[in-house]
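For reference, the structure is listed below as structure tokens.
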Amino acid sequence: MSPFLLKILLLVLLVMVVCPQTSKGEFEQWCIADSQATDAELQAAMDYTCGEGGADCSKIQENQSCYIPNTLKDHASFAFNSYYQKFKHIGASCYFHSAAMTTEKDPSHGACQYDYNP
């Protein structure tokens, strides 16, 4: 390899180490309720996720950090994301019979923090 190409290669490697590219949000995904889902679809999917699905739905209980806003859509979003983050590494999807969808925008708000597991 010529000395010139070697210098270029070393420069490129140095830039990659010193200035790594970050892609905040590019691969981060949360699972939320689809705005087009019916209340019946959301409720059925939330019943599954908070029941036999194994999601942690404790934060959407009354007097907890994600209870407000107290809407089916918001509670379903929290439940869907809890399930998705917990099980996505073993093949779980964010679908719930078309009641949910992924987003790259963190849905956390105020004291209500949605889990994210890389």
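The values are calculated or read from the model by the stated rules, or taken from the named source; none is laboratory data. Everything quoted here is computed from the prediction, not taken from an experiment. Glycine gets a Cβ as well: all are built from the backbone with ideal geometry, and neighbour counts include every protein chain shown. What goes into the accessible areas is simple: the full protein's heavy atoms, side chains included, and nothing from ligands, DNA or RNA. Shrake-Rupley method; radii C 1.70, N 1.55, O 1.52, S 1.80 Å.
Side notes on the structure shown:
- For region 43-48, 3J(HN,Hα) per residue [Karplus equation, 6.51 cos²θ - 1.76 cosθ + 1.60, θ = phi - 60°, Hz, x = Gly/Pro]: 5, 4, 5, 5, 4, 5
- Cα-projected label distance for residue 40 with residue 106, points at 7 Å along beta-carbon direction, nm: 3.8 nm
- What the phi angles of region 96-106 give under the Karplus curve with 6.51, -1.76 and 1.60, with θ = phi - 60°, is a coupling list of 6, 6, 6, 8, 9, 8, 8, 9, 9, 9, 4 Hz, glycine and proline written as x.
- Accessible-area order (highest first, 1.4 angstrom probe) of the listed residues 82, 35: 35, 82
- When all protein chains stay in place and ligands, DNA and RNA are ignored, the 1.4 Å accessible-area order of 32, 60, largest first, is 32, 60.
- Placing a label point 7 Å from the Cα of residue 62 along the Cα-to-Cβ direction, none of the residues of region 35-52 has a backbone N under 18 Å of that point.
- Computed with a 1.4 Å probe over protein heavy atoms only, the accessible surface of region 47-110 comes to 57 Å² per residue.
- Ranked by solvent-accessible area (1.4 Å probe, protein heavy atoms only, all chains present), the residues 104, 62 order from largest to smallest as 62, 104.
- Mean separation of Cα contacts under 8 Å (6+ apart) over length of region 32-118, as relative contact order %: 38 percent
- Computed from phi, the 3J(HN,Hα) profile of region 79-87 under the Karplus parametrisation 6.51, -1.76, 1.60 (θ = phi - 60°) reads 5, 4, 5, 4, 5, 4, 5, 6, 10 Hz, with x in place of Gly and Pro.
- Taking the protein heavy atoms of region 46-98 in the context of the full set of protein chains, the accessible area attributed to carbon and sulfur is 48 percent at 1.4 Å.
- Summarising the amide proton neighbourhood of residue 68: residues at separation of 5 or more, or on other chains, whose placed amide H is nearer than 5 Å comprise an empty set.
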